[in-house]
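Encoded as structure tokens, the structure appears first; notes follow it.
The values are calculated or read from the model by the stated rules, or taken from the named source; none is laboratory data. From a predicted model like this one, the values you see are computed outputs, not experimental measurements. Note that each Cβ is placed from the backbone with ideal geometry, even for glycine, and that neighbours are counted across all protein chains shown. Keep in mind that these areas ignore ligands, DNA and RNA; they rest on the heavy atoms of the full protein, side chains included. Shrake-Rupley method; radii C 1.70, N 1.55, O 1.52, S 1.80 Å.
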Amino acid sequence: HEMKDIEGGEDTANQDSSTEDSKVGKEKKEKPPLATIGEVFSFAPTRRTRVCIGLGLASSIVTGSVFPAMAFFFSKVFEELSAPASMDTFLDNITELAFTFMILGAIAFTFMTAQAALLESAADEMAYSLKTKWFNALLRQDLAYYDIKDVSGNATIISANASKYRKGVGRKLGEGVQFLITCIGGFGFAFYSSWQNSLLILALLPVLAGSTLFVVKATANQTSNATKNYAEAGAVAYSTVSSIRTVLSLNAGETMLNKFRHATEKAYRQTSNGLFFVGFGNGLMMASFLLTHVVLTLFGAYLLYRQVGEDGCDPSGTIEGNDACRPSARDVFGSLMGVMFASAGMPQISVAIEGITNARAACHPAVVVMNRCKTDSDDNSNENADSFADEYLGNGKNEKPTRRSSMTLPKYTIDSSSQDGLKPSSTEGKIEFCNVKFSYPTRSETVI
């Protein structure tokens, strides 16, 4: 009987997978369900965890502010190095800038260390809280949940999703905030230094944004496909190991191995096919950044060349008695440095967005299970069961039933962990069940 369940379940899985393969175009259009930002951070178990998250994000803001400050002082270095070496203050100015960069480096090192330590500590605690709460919610579910959902893949999904959740709310979250501040500060300083160059940057932003969006979508699709397909392989492995005595007694080891090999090969093919688009997107993104730097350098040089030819101004701004160009060489160099720091942070922002999106997708199944609980409005259980049968099972009208994994769960009516209800102080005699019958949600026509 167990072997029949195994093979029947796997045949159903194979039929489902073939059906999914025939509807690849339709599935790609469907967006995976995501948890809200509040639900993502609801797994912070203690006040200490929330304090660590707050301090870690504050450290990220400080760290992100260091790089626009470096762009300002880099442009100042350009001006100081352009000054005549015979000036009395030349060496003093260079020494002052050197100490300034040392201080900025110390600030960046201190706050980056605090950022990583605090957020990684909080991510560990939140991932542990996610796994324990998810497992506790699974233990209190009724038979309707286990009849509809593929329970055999839960062990694989919990571990894999907890790992993705931890990555999304840990160091990557801090880096996202850090580089967002760097991007805003870098572009702000670029506009302050030379608005002409900055307007040119805005004209090139669609190219930068398009390449970044392409990378995010390609990576997200690859991750989603890998999770879904490897969960199917995990379900095959779980079904085999849990009934290993039946498998060995029927000499079905080779059959189960072939089914596991088919599932893993399918996961490998779909995952490897997406690597080309991920690599192409990364190359396109880097090419767009290099294009921005080339265009800015050429346009800034053109502005200086035109001003020197028309007004005879000093592009360095260090020669006494000669008016400095506006924008000067320092301004052009400053706008270039601001754009370089900002554009270097944009890919990291996309990585952080991808990480928090994966975390939202990873914890969504846990949130669904945890939110499925008995409420005061669940008294009409019979009506709910009838509506469930009408919608998904056809209710005996020769309608094709909906596939189990896509069914919506009926109302939650039995909570095995609840402390409510009648509690007799003592019992004597025997307990007999007479004229008791029930049916599973997906097999309402079969009375047990």
If Lys and Arg each add +1 and Asp and Glu each add -1, what is the summed charge of the other residues whose beta carbon sits under 11 Å from the beta carbon of Val169? +3
Search the structure for amide H atoms under 5 Å from the amide H of Asp314, placed 1.01 Å from N in the peptide plane, and list their residues when 5 or more places away or on another chain. Asp323, Ala324, Cys325
Charge context of Glu120, other residues only, Cβ under 12 angstrom, K/R +1, D/E -1: +1
With +1 on each Lys and Arg Cβ and -1 on each Asp and Glu Cβ, and nothing else charged, work out how big the dipole of region 129-180 is about its Cα centre, in Debye to the nearest 20. 320
Using a 1.4 Å probe on the protein chains only, how many percent of the accessible area of region 167-317 belongs to carbon and sulfur? 68
In the full protein assembly as shown, how much of Glu232 is accessible to a 1.4 Å probe, in Å² to the nearest 10? 40
Measure out, as a whole number of angstrom, how far apart the alpha-carbon centroids of region 147-205 and region 235-288 sit. 29
Most to least packed among 284-290, 343-349 [average Cβ atoms within 10 Å]: 343-349, 284-290
To the nearest 20 debye, what is the magnitude of the charge dipole of region 176-306 about its Cα centre, counting +1 on the Cβ of each Lys and Arg and -1 on the Cβ of each Asp and Glu? 160
